[in-house]
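Data block below; observations after.
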């Protein structure tokens, strides 16, 4: 009897020691706690920590279900309140495989706008003893776990009880269980924690779900933003078209006195494609249309139309074969209405359009031309504008309106591409006024966008400032004032917000009204190559810019990057 009591005491002490280490952020201790809860389900758990990110691998004979296990792992780490863990990445895979079947990541702390790009500061020492869970965290966990509890309450109960060690998590989950018994939960009204998509190239490229700071970690700052139901809560029959859009694309240039291409001549095209887009191409899927602004030329014409010896004057020329690369990536429509489309004169512009179209992509931006396509039996029109007279000129609102009215007679949905606005890292704000850059009239994007929607346009896709800007919902139609840079291999600056990027996912109904969408966060490295952004910098930036520039617009960006209508 004494021996059994001694062993029990030793086990309790050992558990408390592991729990204390886990609260300090020790990956091995956290992995041990989660493993204890999941081993009865045949799941093996491995955990490592790299700086502020905890990586948790779940491995089983069958791939563990993401919708259940990603949530409960995050909830466990959230409850532990480890001050040195700022993000959690959960991967699931089948025994004997090398690549994860899915990756889901979450942010434990949300950086302020001024702190974007810096490692979050280490918080004070972890709480030594379990503390009562405050109401905000309780509500947060209930929002997070409602769908999971609906599926597998005993699992969540055992996991959080194991991680918390004492009664705080148990009493909280009993409260949830009582709520579940008394009131049925509609999963369509719950927050979603699904990942954007699995990335087969790097276990770092995971979509971070940015959540407000847990109450267990004393952090100064404003109150957390309430959790909002994601786009998935919208009736699926309402979505007729899904479009993904990216900003400026310069996959390299071979005109500058030296080659600025990602690989040497003679290497296979797919090697260059993998180098430039390998980290991001999985996130192009699940869309009816993929749009981008091609801000170079696809030509072999040798004579530039610009004097590149002058300061801040650049001429970009990309090998024509790159058009096939963009087609292979899934691009359906490319805008050629921008300030680099005539870098090699009329010949270069004509070659660019020819090469794009021969690759099977629609080229948008020729003056006076509307481009049509049909998706899901819905005719869609695209019109490209810039501030230059060689294209459809955004400053001529009468002519622009006439083109939109023409397009609306032949299509149900009209999409506008516009290259305008001042450039630079300090040009993130959108103002209802004419913008100038090096003396050029770069137009009034607000007046232009709203005017064309009044004439019948349904979606405005802006690019040109090289930084992301705010979104606005006007008359039920979405305006993206700038999509920023998307790829600029050794051609575009990526300093500060110039390196923040995104894939904009837009869902529309058959009338072109905005139903929902998502900002898929992207970051460019110093060479201008994109990858998924673990720090959700563009999401945080755009969310703040909406509040500052369009505080009355009826959309919000939630912590997962979903774009949500607030007028329904």
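Is it true that residue 330 is in contact with a strand residue (DSSP E or B) (Cβ under 9 Å, 6 or more places away or on another chain) and on the phi > 0 side of the Ramachandran plot?
Judged against the criteria, residue 330 is a match.
Are any residues in the stretch 100-110 out of contact with any strand residue (DSSP E or B) (no Cβ under 7 Å at 6 or more places or on another chain) and either modelled with pLDDT of 85 or more or under 16 Å from residue 56 (Cβ atoms) (or both), and if so, which ones? Lay out the reasoning, then the answer.
Applying the first criterion (out of contact with any strand residue (DSSP E or B) (no Cβ under 7 Å at 6 or more places or on another chain)) to the stretch 100-110 yields 109.
Hits for the stretch 100-110: nothing passes.
For the list (1) at pLDDT below 95; (2) surrounded by 20 or more Cβ atoms within 10 Å (Cβ to Cβ); (3) assigned to a loop (DSSP other than H, G, I, E, B), I need the number of the one condition that residue 283 fails.
(3)
Is it true that some residue in the stretch 396-416 is surrounded by fewer than 18 Cβ atoms within 10 Å (Cβ to Cβ), touching a helix residue (DSSP H, G or I) at 6+ places or on another chain (Cβ under 6 Å) and farther than 20 Å from residue 243 by Cβ?
Yes.
So which of 344, 331 ends up being under 28 Å from residue 282 (Cα atoms) and touching a helix residue (DSSP H, G or I) at 6+ places or on another chain (Cβ under 9 Å)?
One residue alone meets the criteria, 331.
Does residue 83 meet the test of being more than 29 Å from residue 282 (Cα to Cα), at pLDDT 80 or above and in a loop (DSSP other than H, G, I, E, B)?
It is true that residue 83 is more than 29 Å from residue 282 (Cα to Cα), at pLDDT 80 or above and in a loop (DSSP other than H, G, I, E, B).
Kindly evaluate residue 25 against the criterion of being over 13 Å from residue 108 (Cβ atoms) and modelled with pLDDT of 85 or more.
It is false that residue 25 is over 13 Å from residue 108 (Cβ atoms) and modelled with pLDDT of 85 or more.
Have a look at 243, 289, 260 and point out the one that is over 22 Å from residue 367 (Cα atoms), modelled with pLDDT of 95 or more, surrounded by fewer than 23 Cβ atoms within 10 Å (Cβ to Cβ) and in contact with a strand residue (DSSP E or B) (Cβ under 7 Å, 6 or more places away or on another chain). Break it down stepwise before answering.
Values: 243 fails: surrounded by fewer than 23 Cβ atoms within 10 Å (Cβ to Cβ); 260 fails: modelled with pLDDT of 95 or more.
After ruling out the rest, the residue left standing is 289.
In the list 390, 343, which residue meets the criterion of being surrounded by fewer than 24 Cβ atoms within 10 Å (Cβ to Cβ) and farther than 21 Å from residue 481 by Cα?
None of the other options fit; the residue is 390.
Say whether the condition of being closer than 13 Å to residue 297 by Cβ and either in contact with a helix residue (DSSP H, G or I) (Cβ under 9 Å, 6 or more places away or on another chain) or buried (at least 18 other Cβ atoms within 10 Å of the Cβ) (or both) is met by at least one residue in the stretch 364-373.
yes
Quick check, is residue 323 in the same structural domain as residue 378 (by TED's automatic domain parsing), part of a loop (DSSP other than H, G, I, E, B) and modelled with pLDDT of 80 or more?
no
Quick one: which of 379, 389 is under 31 Å from the mean Cα position of the chain (by Cα) and without any contact (Cβ under 8 Å) to a residue 60 or more places away in the chain?
Going through 379, 389 in turn, the sole match is 379.
Between 313, 352, 299, which is at pLDDT 95 or above, out of contact with any helix residue (DSSP H, G or I) (no Cβ under 6 Å at 6 or more places or on another chain), in the same structural domain as residue 510 (by TED's automatic domain parsing) and under 21 Å from residue 492 (Cα atoms)?
Exactly one of 313, 352, 299 is at pLDDT 95 or above, out of contact with any helix residue (DSSP H, G or I) (no Cβ under 6 Å at 6 or more places or on another chain), in the same structural domain as residue 510 (by TED's automatic domain parsing) and under 21 Å from residue 492 (Cα atoms), namely 352.
Which of the residues belonging to the stretch 14-48 are assigned to a loop (DSSP other than H, G, I, E, B) and either on the phi > 0 side of the Ramachandran plot or without any contact (Cβ under 8 Å) to a residue 60 or more places away in the chain (or both)?
25, 26, 42, 43
How many residues does the stretch 436-453 hold that are in a loop (DSSP other than H, G, I, E, B) and within 22 Å of residue 404 (Cβ to Cβ)?
Looking only at the stretch 436-453, we keep the residues that are in a loop (DSSP other than H, G, I, E, B), and these are 438-439, 442-444.
Filter once more, so that each one left must be within 22 Å of residue 404 (Cβ to Cβ): 442-444.
Residues in the stretch 436-453 being in a loop (DSSP other than H, G, I, E, B) and within 22 Å of residue 404 (Cβ to Cβ): 3 in total.
The values are calculated or read from the model by the stated rules, or taken from the named source; none is laboratory data. Given the structure is predicted, the values throughout are model-derived calculations rather than measurements. Cβ coordinates were reconstructed from backbone atoms using ideal geometry, including for glycine residues, and neighbour counts include every protein chain displayed.
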